[in-house]
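Asker: This is the structure, below, for whatever I ask next.
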Amino acid sequence: MNNIITIATKEFRGFFHSPVAYIVLTVFLLTTGWLFFSSFFLIGEASLRNFFALMPLMLVIFSPAVTMRLLAEERKSGTFELIATMPLKDRDIILGKYLSACALLICGLFFTVPYALSVATIGVIDFGPVLSGYVGTLALILALAAIGILASALAKNQISALILALALGFTLYLVGAFTFFLPESLGSFLAYISLTTHFENFTRGIIDTKDIIYYLSIAFLALYLGVLTLKARRNN
Amino acid sequence: MSEEMIAVENCSKKYGSFTALKDVSFKVKRGEIVGFLGPNGAGKTTTMKLITGFLAPSAGRVLVNGQEVTGESTATKALIGYLPENAPLYDEMMVDEFLDFAARLRHLSGPKAQKRKETVIKVCGIEGVLGKDIGTLSKGYRQRVGLAQAIIHDPPILILDEPTSGLDPNQIVDIRALIRKLGEEKTIILSTHILPEVEATCNRVIIINKGILVADDTPENLIEAQGSSGLLIALSAAGGSLPDKEKALKVLQSLNGILKVTPLRDEDNTSYFMVHSSQDVRPYLLKALIENDLYLMHLSLKQLSLEETFRHLTLDEKASKEENHE
């Protein structure tokens, strides 16, 4: 556990050594804020539902920007050899990096709290859906950061890590959109693995354990594959 | 701790279809400083990566302090300090911050970590750069920070991949002195292609060529085994004409303690011979020559350096044989 925290702390600080963290956070807040508030006054409803509806797409785009560097860059610069020959388990490395990415994304999420508060000052807001929205977004972050870590573990450099993570994220994001054209059995399966269908409940104010389990399973699977990737690298 | 700190047993390593290491075996005892020699791409770095557990062998096994290096192998990794080739370090971290990070990963904490950190900073001479970003350091300082990181947990085994590459001559002398000092109580494997470095720091040499271990001995023995000190002799007959080669050969071979006489070229009415012997033949040489009407035109002691030994061992067999006999 100590190892994981040591690595997570180092990586979290590392985000702020370069402009990456600042840029990602700023652009994330600007984009979500603009997309939300530009239609907010037209709809004229004191609800954050449209804000949370943006989250899957926003996080599919922004989380790879946070995770791409974490393992791919170590491999490219050779520092992976340094860390891989320390007395660490593969999962310490993966989980440490994962936690740092989650922490940064959660920071970004935290900075959206003023959005909710400002909406609350304008009208009467139902805090139930706001809470469920935040819980859902948190679950989404846990899943997408894990996918980003897996991509970064597989890729040889940051750019391919970014592209791979975007591809994986968009696949899971879009897969639910085409179910209409497909046979029922395949359609319902695709709907089940889609990031968006599981998010709908959260935006409506429902916290369903099934949805949470879905996101956590994605996170677990991706991280497990990440650990296997490191293991396989020793043998190749 | 067992006397045998590292045992590499029949290790092979393949990268795809390329075989980087073929059936290499050797053992390193406690307190030895072993120099890994070999041309670029010979398999030195691969061997080191197997010992540090960064790569797993395709066949064979590696034991560190009696424990097999397998899988994540945290137990053996804890015994080793490793400086990879080119000292890869986190450029965006400050030196001080990086040493703290390394200490924590080595499970050092509190006053003990502080004490070890102060020691390695002093030993490696990096007091002046603690507040600098690693990315801004010169090659020499990077190498020292890499070394500091490798010894922060006071490991019984040190693996150093080209520790002096890219350093200026003064820094090289410093680092060598440091390695020798560390070697008094640690087992060290270092790789290099600077041969005088091995003669200066190591008490044992392992030469690897094309993935195969070709020599494993002390530097002195290796030079000796290659027929170290030969005498280069040039003879001519009375009147300054070319001597009878058969006769000259016989005379030389009749000397006490002769191992081998190799006729070389003929030039300017003199014949050159290379003489290898188990004892110095110079005291009896002149007398024997005079008795047989041979004139000595040239006599020099040819000391083979490790450099030549290395060339003999790592150039391909045929070429090295020709070089030996002609």
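The values are calculated or read from the model by the stated rules, or taken from the named source; none is laboratory data. From a predicted model like this one, the values you see are computed outputs, not experimental measurements. So basically every Cβ, Gly included, is an ideal-geometry build from the backbone, and we count neighbours across all protein chains shown. We work out accessible area using only protein heavy atoms, side chains counted, and drop any ligands, DNA or RNA first. Shrake-Rupley method; radii C 1.70, N 1.55, O 1.52, S 1.80 Å.
Asker: How big is the equivalent ellipsoid of the protein assembly as shown along its three axes, where each semi-axis is √(5λ) from the Cα gyration tensor, reported in whole Å from largest to smallest?
Answerer: They are 69, 24, 19 Å, listed from largest to smallest.
Asker: Moving on to the next point. Over the range B:229-302, one equal point on each Cα, no solvent: what is log10 I(q)/I(0) by the Debye formula at q = 0.19, 0.23, 0.24 Å⁻¹?
Answerer: Debye output, listed in q order: -0.67, -1.02, -1.12.
Asker: Kindly state, to the nearest 0.05, the FRET efficiency for A:L216 paired with B:N40, given R0 = 60 Å and r defined as their beta-carbon distance.
Answerer: 0.80
Asker: A further question on this structure: For a 29 Å ceiling on Cα separation, which of these pairs sit above it: B:K14/B:K77; B:K181/B:K210; B:K44/B:K181?
Answerer: B:K181/B:K210
Asker: Please give, to one decimal in nm, the separation of the simple spin-label points placed at B:N10 and B:R265, each 7 Å out from Cα toward the Cβ.
Answerer: Placing both labels 7 Å beyond Cα along the Cβ direction yields 4.9 nm.
Asker: Less than 15 Å from a label point 7 Å out along the Cα-to-Cβ axis of A:F16: which backbone N atoms in the range A:93-108 qualify, by residue?
Answerer: From the range A:93-108, the list is A:100-101, A:103-108.
Asker: Nearest 500 deg cm²/dmol is fine: what mean residue ellipticity at 222 nm does the protein assembly as shown get from its DSSP H runs of n ≥ 4 alone, each adding -39,500 (n - 2.57), divided by its residue count?
Answerer: -18000 deg cm²/dmol
Asker: While we're on this one: I'd like to check one number: the per residue accessible area of the range B:229-302, probe 1.4 Å, reported in Å² as a whole number.
Answerer: 57
Asker: When you look at the Cβ of every residue in B:81-89, what mean number of other chain Cβ atoms sits within 10 Å?
Answerer: 4
Asker: Let me ask something else. For chain A, go through all pairs of different Cα atoms, get the mean of 1/r, take its inverse, and jot down that Kirkwood value in Å.
Answerer: This gives a value of 18.6 Å.
Asker: What does the charge count near A:R204 come to, summing +1 for each Lys or Arg and -1 for each Asp or Glu among other residues with Cβ under 13 Å from its Cβ?
Answerer: -3
Asker: Can you give the accessible area of B:D217, probe radius 1.4 Å, in Å² rounded to 10?
Answerer: Ignoring ligands and nucleic acids, B:D217 comes out at about 50 Å².
Asker: Quick one: divide the alpha-carbon radius of gyration of chain B by 2.2 N^0.38 Å and tell me what you get.
Answerer: Rounded to two decimals, the normalised Rg is 1.28.
Asker: Give the lysines reachable from B:K260 as a straight Cα distance under 24 Å; neighbours fewer than 8 places away on the same chain don't count.
Answerer: Reachable lysines: B:K245, B:K247, B:K250, B:K287, B:K302, B:K318, B:K321.
Asker: OK, next. Just counting partner chain Cβ atoms within 10 Å, what average do the residues of peptide B:69-76 show around their Cβ?
Answerer: Per-residue shielding by partner chains comes out at 4.
Asker: Modelling each spin label as a point 7 Å along the Cα-to-Cβ direction, I'd like the A:C107/A:F37 distance in nm, to one decimal.
Answerer: Modelled inter-label distance: 2.2 nm.
Asker: Between A:A167 and B:E246, how many nm apart are label points set 7 Å from Cα along the C-beta direction?
Answerer: Taking the two extended label points, one gets 7.9 nm.
Asker: R0 = 60 Å: FRET efficiency of A:L29 with B:V214, Cβ-based, nearest 0.05?
Answerer: Once rounded, the FRET efficiency stands at 0.45.
Asker: Follow-up question, since we're still on this one. So what is the relative contact order for chain A, in percent, with contacts set as C-alpha pairs under 8 Å and at least six apart?
Answerer: Relative contact order of chain A: 27 percent.
Asker: What dipole magnitude, in Debye to the nearest 20, does chain B give about its Cα centre under +1 on Lys/Arg Cβ and -1 on Asp/Glu Cβ?
Answerer: For this selection, approximately 780 debye.
Asker: Based on alpha-carbon centroids, what's the gap between the range B:259-276 and the range A:41-79 in Å, whole number please?
Answerer: 80
Asker: Related question: How crowded by other chains is B:99-105, given as the mean number of beta carbons from other chains within 10 Å of each beta carbon?
Answerer: 5
Asker: Given the peptides B:190-196, B:144-150, A:81-87, arrange them by the average over their residues of other C-beta atoms within 10 Å, most packed first.
Answerer: Packing proxy ranking, top to bottom: B:144-150, A:81-87, B:190-196.
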